Amino acid sequence: MRYISHSVEDTICFAKEWAQSLKGGATILLSGDLGAGKTHFVKGVALALNIDDVITSPTFTLHNRYEDGRIVLNHFDCYRLTDWYEAEALGINEYFSEPNAVALIEWWQNVRALLPQCCTEVRITKGDNDDTRIIEIIDHKA
C-alpha cells in the first residue's frame, strides 16, 4: 500500500484510518529519516486505539507505554541503542508481539535480531516539498 500525505494532519488521519483494524500482537516497524513523521504516524495509531494521552517520541526514554486504549500501545525509539544485545539486556524485546498490545518501533534496524518473524513496516519518506510524505506499508512475513 502506498499513500501520499500532504500535511502532518493528513499523516495522522491516514495512520488513524489504517490502524483501525490493528489487533494485539502486531509489531509495526517505522522507517524514515529524522523529521520524516514517524511519531506523527504513532499519534494517528493512538487515536485509532482510543488513547487520549499526549504521544511523544521516546528518544530519551527508549520506550513509552500507553495503557488507556482498547489495546496497549508500546512505542519504542531504538536510535540510541548500539546493538541488539543492549536491547535484549534492557528487556524491551519482551514487549514485541505482546498479545494484548501493539509495538511500534522507530529505528528498528538496531534491534533487527530480536524482532518477531511477522511484522509490518511503515516506511515514510519526504516528498517534493516540506509537507509531502510518501507512506508505504510493507508486510514482512516469515
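The values are calculated or read from the model by the stated rules, or taken from the named source; none is laboratory data. All values reported here derive from a predicted model rather than from experimental measurement. Here Cβ is always computed from backbone atoms with ideal geometry, including for glycine, and neighbour counts include all displayed protein chains. Heads up: the accessible areas ignore ligands, DNA and RNA and are worked out on the full protein's heavy atoms, side chains in. Shrake-Rupley method; radii C 1.70, N 1.55, O 1.52, S 1.80 Å.
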Restricting the search to the range 114-128, which residues are within 19 Å of residue 8 (Cβ to Cβ), in a loop (DSSP other than H, G, I, E, B) and either open to solvent by less than 70 Å² (accessible area, probe 1.4 Å) or among the hydrophobic types (A, V, I, L, M, F, W, C) (or both)?
127
Which of the residues spanning the range 1-43 are open to solvent by less than 10 Å² (accessible area, probe 1.4 Å), aliphatic (A, V, I, L, M) and in contact with a helix residue (DSSP H, G or I) (Cβ under 7 Å, 6 or more places away or on another chain)?
15, 19, 29, 30
Residue check, residue 68 against (1) outside any helix (DSSP H, G or I); (2) in contact with a helix residue (DSSP H, G or I) (Cβ under 8 Å, 6 or more places away or on another chain); (3) open to solvent by 10 Å² or more (accessible area, probe 1.4 Å), all met but one. Which one?
(2)
When the range 1-33 is examined, which residues are found to be assigned to a loop (DSSP other than H, G, I, E, B) and closer than 22 Å to residue 140 by Cβ?
1, 22, 23, 24, 25, 26, 32, 33
Return yes when residue 111 is crowded, with 19+ Cβ neighbours inside 10 Å and closer than 12 Å to residue 30 by Cα and no when it is not.
no
Consider residue 67 against the criteria (1) under 23 Å from residue 133 (Cα atoms); (2) of a type outside the set (Phe, Trp, Tyr); (3) more than 13 Å from the chain's Cα centre (by Cα): it satisfies all of them except one. Which criterion is unmet?
(1)
Checking 139, 131 in turn, the sole residue that is under 20 Å from residue 6 (Cβ atoms) and open to solvent by 80 Å² or more (accessible area, probe 1.4 Å) turns out to be 131
I want to confirm something. Restricting to the range 73-94 and keeping residues that are among the hydrophobic types (A, V, I, L, M, F, W, C) and touching a Phe, Trp or Tyr at 6+ places or on another chain (Cβ under 7 Å), which single residue is modelled with the lowest pLDDT?
92
